[in-house]
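Q: Have a look at this one before I ask anything.
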Amino acid sequence: MTNKYAARRGADLEKLDGLRVEVDEAKRIGYLYLDRPPLNIVSYTARTQIRAIIEEMDRDPAIGVVVIRGANGVYTSGGDIRGFFDVPRDGMSNLAWNIAAPERCTKPVIAALEKYAFGIGCELALACDFRLATKETLIALPEITIGQIPGSGGSQRVLRMVGVTRAKDMVLMGRRIPAPEAHAWGLLTGVVEDSAAMDKEIESYAAKLNALSPLALSTLKRVLNQGENASLEASFDIEGHAYEKLRDSYDYKEGAQAFFEKRKAKYRGN
């Protein structure tokens, strides 16, 4: 039975459908590229593969930060609409689970958005911890313009991030939001000049994150994600118990000692 499940997982990743993976072990960055020229459309099959790749990157000790990016200077114009009509009934009611993989990942996940971040691409980015975009990038959930609605968590994430008024302006109108406006709304972490600047920004973020305690980062990410949808009282409880558990960790003791000794901490993630 174990072999059967292992084979099934292997089959998921045996032939990537419009995706590409690269690992920079020196900088501890795992790159997941959406790679189907010219606009990097995401297929139905690729959604399962995106989840599986991120889960495997989460297990890889050579990776400290995950980056999701489009190939050839374009993030993605969205999903493979033609292909959706071939999916059996009830085959697309749980799309949000696959696309929420960046949120479940214990490591920091950065979405690097260039030119277009539409539909599924926007939804995938919204599930990431950091969203960086070039200033020319447009962001949209345009499904309403073809008689459909966002189906991978997009409408609900936008609602929680920017409030109902802006969510309706964006989603009900299918409006394309320029990156500077999306940044002002709080949908983006930052905006850079161009692709070259994006390269530098990704490496800067990764270097800063990789210098921190992996255990503290994963714990804090979980505290923030769980606290977002909990009551304030419950959030205090989640934070307090997480804080208490970290007190016995090697990383906390090393971090404190490094602070006292005015040196750079050497974290181990335990």
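Any read-out appearing in this document is the output of simple, stated calculations on the displayed coordinates, not a laboratory observation. If you're wondering where the values come from, they're calculated on a predicted model, not measured in any experiment. We place every Cβ from the backbone using ideal geometry, glycine too, and count neighbours over all the protein chains shown.
Q: Over 18 Å between Cα atoms, which of LYS15/LYS115; LYS221/LYS264; LYS107/LYS264; LYS208/LYS264 qualify?
A: In this structure, LYS15/LYS115; LYS221/LYS264; LYS107/LYS264 exceed 18 Å between Cα atoms.
Q: Starting from the stretch 34-100, pick out the chymotrypsin sites (Phe, Trp or Tyr not before Pro) whose DSSP state is loop and whose Cβ has at most 11 other Cβ atoms within 10 Å.
A: Those satisfying the criteria are PHE85.
Q: Tally Lys/Arg at +1 and Asp/Glu at -1 over every other residue whose Cβ is under 14 Å from the Cβ of ARG247; what's the total?
A: Residues close to ARG247 contribute a combined charge of -3.
Q: To continue, here is another question. Which of rounded, prolate or oblate describes the stretch 151-270 when judged by the alpha-carbon gyration tensor and an a/c cut-off of 1.5?
A: Oblate, because a/c is 1.5 or more while a/b does not exceed b/c.
Q: Excluding PRO102 itself, what net charge comes from residues whose Cβ is under 14 Å from its Cβ, given Lys and Arg +1 and Asp and Glu -1?
A: +3
Q: For GLY78, enumerate residues with amide H under 5 Å from its amide H, sequence gap 5+ or separate chain, H modeled in the peptide plane.
A: When sequence neighbours closer than 5 places are left aside, the close amide H contacts are VAL42, PHE118, GLY121.
Q: Could I ask something else about it? Which order do peptides 67-74, 183-190 fall in by mean Cβ count within 10 Å, highest first?
A: Those peptides, ordered most packed to least, come out 67-74, 183-190.
Q: Report the gain in length on full extension from ILE146 to GLU261: 0.36 nm times residue separation, minus Cα-Cα distance, nm rounded to one decimal.
A: 35.3 nm is the gain from fully extending ILE146 to GLU261.
Q: For ALA196, what charge total do you get from the other residues with a beta carbon under 15 Å from its beta carbon, if Lys and Arg give +1 and Asp and Glu give -1?
A: Around ALA196, the surrounding residues sum to -3.
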